[in-house]
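Peer 1: First the structure, then my questions, so here it is.
The values are calculated or read from the model by the stated rules, or taken from the named source; none is laboratory data. Keep in mind that this is a model prediction, so the values were computed, not measured. Ideal geometry is used to build each Cβ from the backbone, glycine not excepted, and the neighbour counts take in all protein chains shown. For accessibility, only protein heavy atoms count, side chains too; no ligands or nucleic acids. Shrake-Rupley method; radii C 1.70, N 1.55, O 1.52, S 1.80 Å.
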Amino acid sequence: GAYFDGANHDAAEVGLAVQAIKAGAYDFIEKPFELDRVQAVLNKAEREFFQQAKVHYLEDKLNAEYYDSIVGSSQRLKDILKTLEKVAEAKTFTVLVEGRSGTGKELIAQYLHQHSTRKTQPFVEINSSAIPEHLLESELFGHERGAFTGADNAKMGLFETAHQGILFLDEIGEMPLEMQAKLLRALETRVIRRVGG
């Protein structure tokens with residue numbers, strides 16, 4: 001936080017400012033203070049704290065990608081991991097992971113990625129329910145320039161982005177049925193066509 005104090009500029013005030021910063025204050029503002037100065041300090045603090053949060057998030061993601069995050073000792077879990085390791089040896093695979101929200105479906109996908117020959121290739125994930133229906137096809141398959149209004153440039157979809165790696169599609173049950181049919185066709189044929197392609 002920021003520390004507010006009186007306007008006297010004697011050594012005690014400077015000492016207090018240094019003490020406040022050492023104690024963890026973000027900045028020190030003397031009274032009478034200008035609101036513009038307070039706003040500037042708060043804006044700067046917000047930006048820095050956001051960046052720190054982003055760095056921590058990315059570090060967590062990195063740790064999840066490079067270290068096994070699945071903890072447990074039940075026989076059922078051991079059987080699942082053994083099956084995943086067998087699947088990971090295959091050259092190509094499509095896996096359906098079922099389970100309630102929060103049961104670790106993403107961890108299973110990451111485990112599969114870490115133990116496959118694809119581990120040096122991209123792990124791309126998308127929450128299907130978070131993408132508006134009219135953008136989902138373009139997001140997954142990409143689009144060609146001029147395919148629809150606003151498509152000023154060709155765009156690579158997530159299938160192409162994840163090529164040779166793993167594409168994790170979360171909440172596929174929330175996709176519109178027509179989109180599920182297109183997805184199924186892509187998974188069966190292993191061929192995709194960009195929108196407008």
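Peer 1: Which one is least open to solvent (accessible area, probe 1.4 Å) among residues in the stretch 135-154 that are small (Gly, Ala, Ser) and over 22 Å from ARG185 (Cα atoms)? Before the answer, list the steps.
Peer 2: Kept after step one, since they are small (Gly, Ala, Ser), are these residues of the stretch 135-154: 138, 142, 146-147, 150-151, 154.
Still in the running and over 22 Å from ARG185 (Cα atoms): 146, 150-151, 154.
On the way: GLY146: 60, GLY150: 61, ALA151: 6, ALA154: 57 Å².
My answer is ALA151.
Peer 1: Could you list, in sequence order, the residues of the stretch 18-42 that are outside any loop (DSSP other than H, G, I, E, B) and open to solvent by 60 Å² or more (accessible area, probe 1.4 Å)?
Peer 2: Passing the criteria: VAL18, GLN19, ILE21, LYS22, GLU30, LEU35, ASP36, ARG37, GLN39, LEU42.
Peer 1: List, please: which pairs have Cβ atoms under 6 Å, are six or more places apart or on different chains, and start with a residue in the stretch 183-197 that is over 11 Å from PHE141 (Cβ atoms) and end with one that is open to solvent by less than 60 Å² (accessible area, probe 1.4 Å) and assigned to a helix (DSSP H, G or I)?
Peer 2: Filtered contacts from the stretch 183-197: no entries.
Peer 1: In the stretch 101-115, is there at least one residue being charged (D, E, K, R), surrounded by 13 or more Cβ atoms within 10 Å (Cβ to Cβ) and touching a residue at least 12 places away in the same chain (Cβ under 8 Å)?
Peer 2: Yes, some residue in the stretch 101-115 is charged (D, E, K, R), surrounded by 13 or more Cβ atoms within 10 Å (Cβ to Cβ) and touching a residue at least 12 places away in the same chain (Cβ under 8 Å).
Peer 1: I've got another one for you. Take ALA181 and tell me if it is assigned to a helix (DSSP H, G or I) and under 26 Å from ILE80 (Cα atoms).
Peer 2: no
Peer 1: Of PHE123, PHE93, which residue is touching a strand residue (DSSP E or B) at 6+ places or on another chain (Cβ under 8 Å) and modelled with pLDDT of 85 or more?
Peer 2: PHE123
Peer 1: Quickly run through the stretch 118-134 and pick out the residues that are among the hydrophobic types (A, V, I, L, M, F, W, C), closer than 22 Å to GLU178 by Cα and surrounded by 15 or more Cβ atoms within 10 Å (Cβ to Cβ). It would help to see each step written out before you state the result.
Peer 2: Initial filter on the stretch 118-134 (among the hydrophobic types (A, V, I, L, M, F, W, C)): 123-124, 126, 130-131.
Subsequent filtering for residues that are closer than 22 Å to GLU178 by Cα retains 126, 130-131.
Scanning the stretch 118-134 gives ILE126, ILE131.
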